[in-house]
Amino acid sequence: MTELRPHGMTELRRTPLHDAHVALGGKMVPFAGYSLPVHFSTGIQDEHRAVRRAAGLFDVSHMGQVEVSGRDALAFIQHLTVNDAAALEVGQAQYSLMCRETGGVIDDLLVYRLGDSRYLLVVNGARRAADLEWIRERQSVFDVSVADRADEHALVALQGPAAEGVLARVAGRELTGLLPNRHATGSVDGADALVSRTGYTGEDGFEIRVRAAEAPTVWSALLEAGSAAGLKAAGLGARDTLRLEVGYPLYGADLDEEHTPLEAGLGWAVKTEKGGFVGRDALLGQRHGGVARRLRGIRLEEKGFPRPGYPVVVGGREVADVTSGTVSPELECGIALAYLPAEHAAIDTPVFIRVRGRDLSGRVSAIPFYTGGSRRRG
């Protein structure tokens with residue numbers, strides 16, 4: 001969910017785990033205003049494969065965390081987001097998006113229902129300030145309080161088929177009963193934590209929220225508990241290749257204000273039947289009238305690295321640009337996402353990606369590209 005592009009900020013912020021990353025040999029890069037590890041000593045592919053086969057531990061403390069509480073909290077969340085937050089029970093989370101009146105995506109996010117009138121919005125780090133401003137501009141007619149909690153709490157993501165066993169050892173309890181998109185409070189290595197069975201990799205796993213001061217101790221405890229199982233610290237690079245293999249969109253690359261959730265293939269998260277919300281009329285019109293372009297996967301049939309911005313070519317004509325692309329460590333071929341015109345968006349349609357002046361053949365692919373993940377279904 002976080003834009004994998006540097007933002008040119010000269011004074012970078014540090015997460016509570018910065019020193020731990022440096023001590024582990026993390027290659028630190030500017031990202032969303034923070035100094036974060038793109039990879040550690042063994043490299044992106046090694047970290048990627050650790051997540052697919054065992055487990056990886058990510059620092060995602062740069063993500064925005066906005067708490068909304070008060071009598072009108074649900075009504076306010078319903079107004080801001082496209083999914084139906086009324087369907088959430090306390091202890092559940094859902095994927096959603098915030099849109100402009102035009103239907104363009106401001107951000108995608110997770111909505112957690114913490115209590116009867118208390119919600120947590122976890123938003124993309126690169127959009128933290130813009131999202132907070134957007135939310136606060138719209139709160140005046142609602143009886144709610146809006147609080148920025150990002151500096152108070154750290155977030156770590158423990159992902160992979162071994163994640164449940166590793167976390168159970170540190171938390172001192174079984175976690176089989178914590179279903180996907182559910183969250184619970186408890187102790188992790190003695191720290192009060194909010195633990196959710198969510199993630200961005202296509203693998204089973206958890207996202208763990210603890211107070212900032214306690215994050216280094218929890219991080220170390222998880223690494224130690226998982227060492228025998230093959231757990232590795234992982235950086236932004238592996239997070240990107242993992243999410244792309246399973247077709248998860250990235251804000252700032254595959255999602256932006258110029259494209260709608262329906263064009264991005266996220267119509268399942270848009271609940272126009274729930275009533276009014278920002279962007280509903282535009283999305284309802286698009287749902288009835290159809291979309292002219294669709295975010296699709298492309299799988300290369302020739303060796304090549306399809307990078308963002310490379311042209312997609314059909315019949316000798318450039319019809320789109322790659323929004324995200326990589327060479328899949330699991331599939332060992334180039335994979336990409338692009339907004340294709342509807343007439344070229346059917347699965348298995350032959351296309352080309354122009355890589356350094358060469359048109360490499362590929363086909364429109366169903367996503368996820370990789371279907372062997374351990375992610376549990378709720």
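The values are calculated or read from the model by the stated rules, or taken from the named source; none is laboratory data. Everything numeric here is computed off the predicted structure, so don't read it as measured data. Cβ placement follows ideal geometry from the backbone for every residue including glycine, while neighbour counts extend to all protein chains displayed.
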Based on what the data block shows, is A213 touching a Ser or Thr at 6+ places or on another chain (Cβ under 9 Å), farther than 16 Å from T323 by Cβ and not assigned by TED's automatic domain parsing to the domain that holds A87? no
Show the residue pairs that are 6+ apart or on different chains and have beta-carbon atoms under 8 Å apart, the first residue being within segment 299-317 and under 12 Å from I335 (Cα atoms), the second being of a type in the set (G, A, S) and surrounded by fewer than 14 Cβ atoms within 10 Å (Cβ to Cβ). L300/S361; E301/S361; E302/S361
Scan segment 131-140 and give yes if some residue there is in a strand (DSSP E or B) and either buried (at least 22 other Cβ atoms within 10 Å of the Cβ) or at pLDDT 95 or above (or both), otherwise no. no
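Could you grab me the full set of residues in segment 66-85 that are in contact with a strand residue (DSSP E or B) (Cβ under 9 Å, 6 or more places away or on another chain), of a type outside the set (A, V, I, L, M) and farther than 11 Å from Y112 by Cα? Even if it seems obvious, please write down each step before you answer.
As a first pass, look at segment 66-85 and keep what is in contact with a strand residue (DSSP E or B) (Cβ under 9 Å, 6 or more places away or on another chain): 66-70, 73-74, 76-77, 80-85.
From what's left, of a type outside the set (A, V, I, L, M): 67, 69-70, 76, 81, 83-84.
Passing the criteria: S69, G70, F76, T81, N83, D84.
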Looking only at segment 220-230, count how many residues are surrounded by fewer than 24 Cβ atoms within 10 Å (Cβ to Cβ) and within 23 Å of the chain's Cα centre (by Cα). 1
Residues being farther than 21 Å from Y248 by Cα, touching a helix residue (DSSP H, G or I) at 6+ places or on another chain (Cβ under 7 Å) and β-branched (V, I, T) - total across segment 278-322: 3
With the condition kept exactly as written, say whether any residue in segment 90-97 is more than 23 Å from D72 (Cα to Cα) and surrounded by fewer than 21 Cβ atoms within 10 Å (Cβ to Cβ). no
Residue check, V82 against (1) among the β-branched types (V, I, T); (2) within 27 Å of W268 (Cα to Cα); (3) surrounded by fewer than 23 Cβ atoms within 10 Å (Cβ to Cβ), all met but one. Which one? (3)
Exactly one of D143, D192 is in contact with an Asp or Glu (Cβ under 7 Å, 6 or more places away or on another chain), over 23 Å from L255 (Cβ atoms), surrounded by fewer than 14 Cβ atoms within 10 Å (Cβ to Cβ) and touching a residue at least 12 places away in the same chain (Cβ under 8 Å), and that residue is D143
